[in-house]
Amino acid sequence: MRLAEAWRVALGALRANRLRSGLTMLGVVIGVAAVVVLVAIGTGAKQTVEQQVEGLGSNLLIVVPGQVSFGSAPTLSPLSLSDVEAVTRVVGDRSRVAVTVTSGERVQAGTAAKFTSVLGVLETTPQVFIRTVARGSYLTRSDVDTARRVAVLGSAVASSLFRDRDPVGQQVTIAGVRFRVIGVFAQLGQSLGIDRDDEVHIPVTTAHRLFGTGRVDGIAIKAPDRERIDELGNRVVAELARRHPDTEFSAVTQEQILGVLGDILGVLTGVLAAIAGISLLVGGVGVSNIMLVSVRERTSEIGLRKAVGARPRDIGVQFLLEAVLLTTLGGGTGMALGVAAASLVSALSPVPAAITWWALALAFGVSAAVGIIFGVVPAQRAGRLDPVVALRAE
Amino acid sequence: MTAAAGTAPAIEAVDVTRTYELDGVWVPALRGVTLTVAQGDHLAIIGPSGSGKSTLMHLLGGLDRPTSGRLVIGGRDVAGLSPAELARLRNETIGFVFQAFHLLPRTSALDNVALPLVYRGMGGAARRRQAAAMLERVGLGHRVRHRPSQLSGGEQQRVAIARALVTGPAVLLADEPTGNLDTATGAAVLALLESMNADSGVALVLVTHDREVALRARRQITMRDGVVVPPAAPRIPRQREEP
């Protein structure tokens, strides 16, 4: 029997039982749609996180006291500006080293006030991290050296304190001390759950006076290239360990952060897909069940086809195609439904959803495979029917 | 598969037996039947139900294989054939007509007739041409597009006869072909079968319990308890008295 003929027969059989075929397909439709949507959401989340981490800047090495791992308590930093100078000597280029000391403070301009993160930083920050100043200018080395009371506002801080007015040249009060606004950052958006537009940069020296501390929370280094990043990290950590024998230091790269986050999101996506896969499996069992019913119902037809010359294989292929047609039609519908649902989720909620061709190909392949796997037993049963017994059935 | 047409028998059964297993008990259905269906033959197999005539028909049609004995259909010994080879042999050599018609529902008369050609791998156009010609020959040229449910019983059996003959088989096996039809329609169907036998040279094997139908055949084979009752002349009147 020609394959085209077999497809025609299979389609005819599905049409003959429209409602039953539709309901059987529904199981596969829901399963495939669920896989497509959940994988899209997982992939979207992963892509967003990757973009955000990469948005921090490239070849970045972040040195912090303590161990970087999930579940470990943050360590109080023993670092000071003299450590930063030592690190700068190791790196050999001041413009590649950035520091932060952070404190939550009340920032006020006239009657408007906002509680925000105030970061004491070096003038090197825009070269190390990706940060662009939209208006005015950034801190200079002399601002840092002379501990001037100047501030660069994040776009969210600027708009909530000054609304439509230009903040550059205006006065703000941070923790009761007056600062002059010299610049406003361009809007950046969120990164890893932190609103990076909701912060104020002041010189680290000024911050030490303001906060009454000499501590530095962390040091970030922009490595000259990707190859030497680990080696540089080791040298910096060794230098800091020599200066502070009681404290552990760790250096993490973006790749490590991406790796950890990617692993977590990958597992999450896998778990979601597996849950959706279970519903696809249930759909497959439904297909198997209906195919067995179909074989039983059409026993006399099978007998007749055999009498006029159908080989066991012809009959088996016919029923297998019927099952595959059921699941691939269901799979195609489920894909369309999944893509529609994913775009809806993307458009109406902050959850990003990314449809990838491989997820669609996988969903379609899996639905075809479900048809084959769950169609094989009924098809074999049909193919092996004894024609004499089959003809007697009515 | 009728290479030796004209001389070699279409079907030859020598001391054929068939035993079924029923709930662990072996039940003999045929206990040694020897029978030859010649090219263009016309014979009737008669006997009460349970006599083994259906089992014999299944064997002659290649739907089943004997437990022992030699069975040659269209020059091929069925003993060594796989189910697939047996299917091909049926397709090429045998045409079946059943009591219950066995037409595919939701399928036109034309496609029902063309069905055996599907399993020959014949293309759609050639298949339909051949099927249409066959429907014309059984007098249903005007019913080509009709579905079985739209046809009378007599018409349905004519479609089934067209389907049995469309492949140009050597033997037409008809199992109670008039069993589901009224007397007049049954007679017309029988006449059609006989004319096909006379015109195209296809051997006609009728399985029936109707003596009147059987007596129209050139020869009769009477089955009882899984064996052929010898056609001894004095026994015929006695058999006639039986119900």
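Can you pull out the trypsin sites (Lys or Arg not before Pro) in segment A:198-256 that DSSP calls coil and that have at most 13 other Cβ atoms within 10 Å? In loop regions of segment A:198-256 (DSSP not H, G, I, E or B), the sparsely surrounded trypsin sites (Lys or Arg not before Pro) are A:ARG226, A:ARG228. Specify the angular offset, from 0 to 90 degrees and rounded to the nearest 10, of the alpha carbon long axis of helix A:229-243 from the longest principal axis of the alpha carbons in chain A. Orientation of helix A:229-243: about 40 degrees from the principal axis.
Each pair of Cα atoms in the protein assembly as shown enters the Kirkwood radius, and Stokes-Einstein at 20 °C and 1.002 mPa s then converts it into a translational diffusion coefficient of 67 µm²/s. Rounded to the nearest 10 square angstrom, A:THR146 shows an accessible area of 80 square angstrom against a 1.4 Å probe. Binning the C-alpha pair distances of chain B at 5 Å intervals from 0 yields a P(r) profile of 1, 6, 14, 17, 19, 17, 13, 8, 4, 1, 0, 0 %, listed from the shortest bin outward. Relative to the longest principal axis of the Cα atoms of chain B, helix B:83-93 runs at roughly 70 degrees. Of all lysines in the structure, those lying under 26 Å Cα to Cα from B:LYS53, and not within fewer than 8 positions of it along the same chain, are A:LYS306. Considering only A:LEU81, A:ALA158, A:THR132, whose Cα is most displaced toward the positive end of the charge dipole of segment A:76-247, charges sitting on Cβ of Lys, Arg (+1) and Asp, Glu (-1)? Checking the options against the dipole of segment A:76-247, the answer is A:ALA158. Partner shielding of B:114-121 amounts to 5, given as the average count of beta-carbon atoms from other chains within 10 Å of each residue beta-carbon. For segment B:115-160 versus segment A:116-132, the spacing of their alpha-carbon centroids is 86 Å.
Taking the DSSP beta bridges in segment B:11-227 as the whole, what percent of them are antiparallel, to the nearest 5?
Numbers: 18 of 36 bridges.
Close to 50 percent.
Loop-located trypsin sites (Lys or Arg not before Pro) across segment B:37-119 with a Cβ neighbour count of 15 or fewer within 10 Å are B:ARG106, with loop assigned by DSSP.
Out of segment A:184-293, which GluC sites (Glu not before Pro) are coil in DSSP terms and have no more than 15 other C-beta atoms within 10 Å?
Values: sites: A:GLU199, A:GLU227, A:GLU231, A:GLU239, A:GLU248, A:GLU255; in loops: A:GLU227, A:GLU248.
Sparse-neighbourhood loop GluC sites (Glu not before Pro): A:GLU227, A:GLU248.
Axis of helix B:124-137 versus longest Cα principal axis of chain B: the two differ by about 70°, to the nearest ten degrees. Charging the Cβ of each Asp and Glu at -1 and of each Lys and Arg at +1, and nothing else, the dipole of the protein assembly as shown about its Cα centre rounds to 1320 debye.
The values are calculated or read from the model by the stated rules, or taken from the named source; none is laboratory data. In this text, all values refer to a predicted model and were calculated from it rather than measured experimentally. Quick reminder, even Gly has a Cβ in these numbers, built from the backbone with ideal geometry, and neighbours come from all protein chains shown. With ligands, DNA and RNA removed, areas are computed over all heavy atoms of the protein, side chains included. Shrake-Rupley method; radii C 1.70, N 1.55, O 1.52, S 1.80 Å.
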